[in-house]
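To start, the structure under review is shown below, and the notes come after it.
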Amino acid sequence: LGAGLPVRAVVTDSMPTRFETMLKADLKRKKLPFFPLGYFIPAIWLLRAGISRAEYKAAQIPYALAANEAGAGVPVLMIHSKGDSFIPADDLRILAEQWPVDAFYVEGSGHSQSEQDPRFWSKVIPFLKENLL
């Protein structure tokens, strides 16, 4: 999106909208504290991957959406389960209040299990047909 890749539409399912959310969820799952690990781990990621802080910032979803809006304007459909306890749906709600994405919430309690809600495909298929055909 942000780098101008030749993409005509984007659909996400239960995607964390911030790296911090993903890190908090993973540390919680492993029963490890966010403090102080949450402050050291991203720095280690960047150092090991050879990614600059500017590249890290540009890769965050809000910045990618801003670049998308300013450039290609690729349609974005973000789906999230209301009961996802791993990556909370509130993450998407906050993002959708600030950026032009089509946010769609399904019933369910699992992470990345949105397709189990019958409304999932009735939303995704028309979105893809409209933007890809």
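The values are calculated or read from the model by the stated rules, or taken from the named source; none is laboratory data. This one's a predicted model, so the numbers in the text were calculated from it and none came from an experiment. No Cβ is skipped: glycine too gets one built from the backbone with ideal geometry, and neighbour counts run over all protein chains shown. Side chains are part of the model used for accessible areas, which takes the heavy atoms of the whole protein and leaves out ligands, DNA and RNA. Shrake-Rupley method; radii C 1.70, N 1.55, O 1.52, S 1.80 Å.
Consider L47 carefully, then state whether it is buried (at least 17 other Cβ atoms within 10 Å of the Cβ) and more than 19 Å from H111 (Cβ to Cβ). So L47 does not fit the description; no. Looking at L77, is it of a type in the set (A, V, I, L, M, F, W, C), open to solvent by less than 60 Å² (accessible area, probe 1.4 Å), part of a helix (DSSP H, G or I) and out of contact with any Cys (no Cβ under 7 Å at 6 or more places or on another chain)? No; evaluated as a whole, the condition is false for this residue. When segment 3-34 is filtered for residues that are within 30 Å of L133 (Cα to Cα), part of a loop (DSSP other than H, G, I, E, B) and of a type in the set (A, V, I, L, M, F, W, C), the ones remaining, listed by number, are A3, L5, V7, A9, M15.
Among the residues of segment 91-120, the one identified as surrounded by fewer than 16 Cβ atoms within 10 Å (Cβ to Cβ) and among the aliphatic types (A, V, I, L, M) is I94. Checking I94, I51 one by one, the residue that is among the β-branched types (V, I, T), within 14 Å of the chain's Cα centre (by Cα) and closer than 19 Å to R18 by Cα is I94 and no other.
From the list K24, K31, exactly one residue is open to solvent by 80 Å² or more (accessible area, probe 1.4 Å), at pLDDT 90 or above and of a type outside the set (V, I, T). Which is it? Going through K24, K31 in turn, the sole match is K31.
Of everything listed in (1) open to solvent by 40 Å² or more (accessible area, probe 1.4 Å); (2) part of a helix (DSSP H, G or I); (3) within 23 Å of P100 (Cα to Cα); (4) not β-branched (V, I, T), the single unmet condition for A72 is (2).
Quick one: which of K129, K82, K123 is touching a strand residue (DSSP E or B) at 6+ places or on another chain (Cβ under 6 Å), of a type outside the set (G, A, S) and open to solvent by 80 Å² or more (accessible area, probe 1.4 Å)? When all the criteria are applied, what remains is K82. Applying the condition of being touching a Phe, Trp or Tyr at 6+ places or on another chain (Cβ under 8 Å) and of a type in the set (S, T, N, Q) to segment 45-103 and asking which residue is farthest from R29 (Cα to Cα) yields Q60. Restricting the first residue to segment 106-122 and requiring it to be within 16 Å of S85 (Cα to Cα) and modelled with pLDDT under 90, which pairs with a second residue that is surrounded by 13 or more Cβ atoms within 10 Å (Cβ to Cβ) and among the β-branched types (V, I, T) meet a Cβ separation below 7 Å and a spacing of at least six or different chains? Short answer, once both residue conditions are applied: H111/I87; S114/I79; S114/V106. Test E55 against the criterion of being open to solvent by 30 Å² or more (accessible area, probe 1.4 Å) and in contact with a strand residue (DSSP E or B) (Cβ under 9 Å, 6 or more places away or on another chain), and give yes or no. So E55 fails the test.
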